[in-house]
C-alpha cells in the first residue's frame with residue numbers, strides 16, 4: 001500500500017524549474033534512497049514531501065492527505081506534518097533546549113503528552129539510542145554524531161509514519177558516521193517509512209528497498225536499490241555510483257598522496273541486524 | 001576657587017535622594033519602549049507591507065528627532081492640539097517621550113535579534129508540526145533575547161542618562177537638583193562632577209547586573225558540560 005504519492009510534481013524558483021514531471025510512490029514501511037549529483041534537486045524533492053518547499057505544480061499525498069499545488073491550506077500542511085518529520089544535514093537541534101527537552105518538544109508542543117509522560121517517553125527513546133548520559137546537555141556540548149542521533153530521536157518520538165532524512169551524515173566527521181547510520185538502520189527494522197537523501201551508497205544498498213536517481217530535476221531511474229545502485233554495468237548511473245564508491249580525497253597535507261574512501265558502513269555484517 | 005572636598009562630599013546625601021525618581025523614569029520608560037518596540041517589531045516582520053512601511057516611518061521619525069525636541073512636543077505641543085493631553089504632568093510627558101523615543105531604537109535591535117536566529121531552527125519546528133506561535137515563543141524568542149540583550153542594555157544606559165533631560169520640563173531629578181545647588185553655591189565643578197559620578201555608579205551597577213543576566217541566558221550556548229544533578233528543574237524551566 002502506498003503511503004506517499006506525488007503526481008506531476010514541479011518546483012520552480014523564479015524562472016528556473018528545479019524539479020519537473022515527478023511521479024513517485026513510496027510504499028508503507030519501505031526505505032527509499034534518493035541519490036544523484038549535487039544540485040540535481042534531491043533535497044528539494046525531499047523538502048517537498050514535508051511541504052517545507054511548496055510545489056509549483058502537481059500533488060503530494062501523504063497518509064491519505066492530499067495537497068494540490070494550486071491550493072495549499074495551512075490545515076493540510078499541519079495534517080501532513082503530523083504524519084512525517086525530517087532529519088536535517090545540520091541537525092537543527094533547538095539550541096536553547098537540552099537534548100532531553102529537544103526530544104520531549106514534539107510531544108509537549110503538539111499536546112500529545114503531559115510533561116511527566118513526555119519526559120518518560122523521551123528518556124526511553126534516548127536510552128534506546130544509548131544517549132541517556134547526555135540527556136541534560138545542551139546541543140552546543142554534543143558531538144556531531146550525538147547531535148544527529150538526538151535529532152533522529154526527536155524526529156521519531158511522536159511515532160510519525162514517515163521520516164525524511166536529508167544527507168544525515170554529510171556534516172559529520174568520518175568517525176561519527178557509523179553511529180548515525182547504525183541508528184538509521186535500527187529504525188529501518190521498525191517498519192517506519194523512510195526516505196533518505198544520501199551519498200552513502202554502500203549504506204543505501206544495504207538498508208534501502210528502493211532507490212531513485214535524480215539528475216537535472218528529473219527522476220532518471222527508480223527501482224530496487226541493489227539494481228539501481230549497482231556498480232556493475234555502464235551508463236550515467238553506474239558512473240555516478242562508481243564515482244561515489246571510489247571517492248578520492250586530497251588533503252593539504254597529502255598533496256602527493258591520496259586516500260581512497262572505502263565504504264564505512266558495516267552494520268549489517270557486524271551483527272546489528 | 002579651589003576644589004572643596006568638604007562641599008563635594010556633602011553633596012551626595014542631598015543628590016542621592018533623587019536616584020529613585022531617575023530610576024523610576026528610566027525603568028517605566030524602558031517598559032514602554034520594550035512593549036511598544038516589541039509589538040511594532042512583530043508588525044515590521046510579519047504584518048502586511050503597508051503596516052511595515054508605517055513602522056519604518058515611525059522608526060525614522062523618532063530616531064531622527066532630538067530627544068529634547070521630542071519632549072517639548074509631548075509636553076508643550078500635544079496639549080495644544082488635543083484636550084486629552086491637557087494637564088499632562090511633566091513627569092508623565094518625560095517618561096512617555098523617552099519611552100517612545102527608545103522604542104524606535106529597540107525595534108531595530110529586536111528585529112536584528114529575531115532575524116539572526118538560524119533559519120534551520122524554524123524549519124525544525126515546522127517539520128515537527130509546531131504552530132508558528134509556539135515556534136516564536138519557545139524557539140525564536142529565547143534565542144533572539146540573548147542576541148538582543150547587549151544592545152538592549154545599551155539602550156537602557158542611554159535612557160538612564162537621558163532622564164536628566166526631564167529637568168527642562170520642570171521635573172526635579174538628580175541633574176535638576178544639582179543645577180539648583182550649583183546656582184546657590186556657585187561651585188559648578190563640584191556639583192556637576194558629583195552628579196556625573198552618581199550616574200556613572202548607577203550605570204556600573206546596571207552593567208554588572210546585565211552581565212549576570214547575560215551569563216545566565218547564555219548558559220545553553222556555552223561549551224561546558226551541564227550538571228546532570230538538577231535535571232528535573234532544568235527541564236521544567238525551559239520547555
Quiz prompt | Separation of alpha-carbon centers, segment A:73-152 and segment B:86-101, rounded to whole Å | solution = 48 Å
Exercise. Would you work out the relative contact order for segment A:99-140, in percent, from Cα pairs under 8 angstrom that are 6 or more residues apart?
Key: 49 percent
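Provide the FRET efficiency to the nearest 0.05 for the residue B:69-residue B:216 pair, computing r from the beta carbons and using R0 = 30 Å. List each step's numbers first, then the result.
Values: r = 39 Å, r/R0 = 1.28.
Result of the calculation: an efficiency of 0.20.
Do the sum for chain B: with -39,500 (n - 2.57) for every DSSP H run of n ≥ 4, divided by all residues, what is the mean residue ellipticity at 222 nm, to the nearest 500 deg cm²/dmol?
Details: 11 runs with 172 residues, N = 239.
It comes out at -24000 deg cm²/dmol, rounded to the nearest 500.
If you take the square roots of the eigenvalues of the alpha-carbon gyration tensor of the protein assembly as shown and sort them as a ≥ b ≥ c, do you get rounded (a/c under 1.5), prolate (a/b over b/c) or oblate?
Details: a/c = 2.86, a/b = 2.25, b/c = 1.27.
In terms of gyration-tensor shape, prolate.
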Quiz item: What fraction of the DSSP beta bridges in segment A:60-175 is antiparallel, stated in percent and rounded to the nearest 5?
Solution: 50 percent
Quiz item: Using the 10 angstrom Cβ neighbour count as an exposure proxy, how do B:171, B:69, B:55, B:193 rank, fewest first?
Solution: B:69, B:193, B:55, B:171
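Please arrange A:138, B:58, B:75 by counting, for each residue, the other beta carbons lying within 10 Å of its beta carbon, fewest first.
On the way: A:138 26, B:58 18, B:75 23.
The order, fewest Cβ neighbours first, is B:58, B:75, A:138.
In whole percent, what relative contact order does chain B give with Cα contacts below 8 Å and a gap of six or more residues?
Details: 215 pairs, mean separation 62.8, N = 239.
Relative contact order for chain B comes out at 26 percent.
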Quiz item: Relative to the longest principal Cα axis of chain B, at what angle does helix B:49-64 sit, 0 to 90 degrees, rounded to 10?
Solution: 30 degrees
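Is it possible to state the helix-based mean residue ellipticity at 222 nm for chain A, with each DSSP H run of 4+ residues giving -39500 (n - 2.57), the sum divided by total residues, to the nearest 500 deg cm²/dmol? What is it? Mind dumping the intermediate values first?
Working: 9 runs with 90 residues, N = 273.
-9500 deg cm²/dmol, from helical runs alone.
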Self-check item: chain A, relative contact order [Cα under 8 Å, separation at least 6], %
Solution: 22 percent
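Tell me, what is the FRET efficiency for residue A:170 and residue B:3 to the nearest 0.05, using R0 = 60 angstrom and their Cβ-Cβ distance as r?
On the way: r = 69 Å, r/R0 = 1.16.
Efficiency computed from Cβ-Cβ geometry: 0.30.
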Practice problem: Please report how far the C-alpha centroid of segment A:1-16 lies from that of segment B:19-78, rounded to the nearest whole angstrom. | Solution: 47 Å
Quiz item: Taking the alpha-carbon centroid of each part, what is the distance from segment B:111-169 to segment A:204-248 in angstrom?
Solution: 47 Å
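Return B:118, A:179, A:166 ranked ascending by Cβ neighbour count within 10 Å, so the fewest neighbours appear first. Spell out each step's value before the answer.
On the way: B:118 14, A:179 19, A:166 22.
Fewest-to-most Cβ neighbours within 10 Å comes out as B:118, A:179, A:166.
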Self-check item: Overall dimensions of chain B by Cα: Rg and Dmax, Å
Solution: 22.1, 74
Practice problem: State the antiparallel share, in %, of DSSP beta bridges confined to the protein assembly as shown, rounding to the nearest 5. | Solution: 60 percent
Practice problem: Could you compute the FRET efficiency for residue A:127 and residue A:159, with r as their C-beta to C-beta distance and R0 at 22 Å, rounded to 0.05? | Solution: 0.85
Practice problem: Relative to the longest principal axis of the C-alpha atoms of chain B, give the angle of the C-alpha long axis of helix B:90-115, reported between 0 and 90° and rounded to the nearest 10°. | Solution: 30 degrees
Quiz item: By how many degrees, between 0 and 90 and to the nearest 10, does the Cα long axis of helix B:188-217 differ from the longest principal axis of chain B?
Solution: 10 degrees
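Since every read-out is calculated from the coordinates, none of them should be taken as a lab result. These figures come from a predicted structure and were not determined experimentally. FYI the Cβ positions are ideal-geometry reconstructions off the backbone, even for glycines, and counts take in every protein chain you see.
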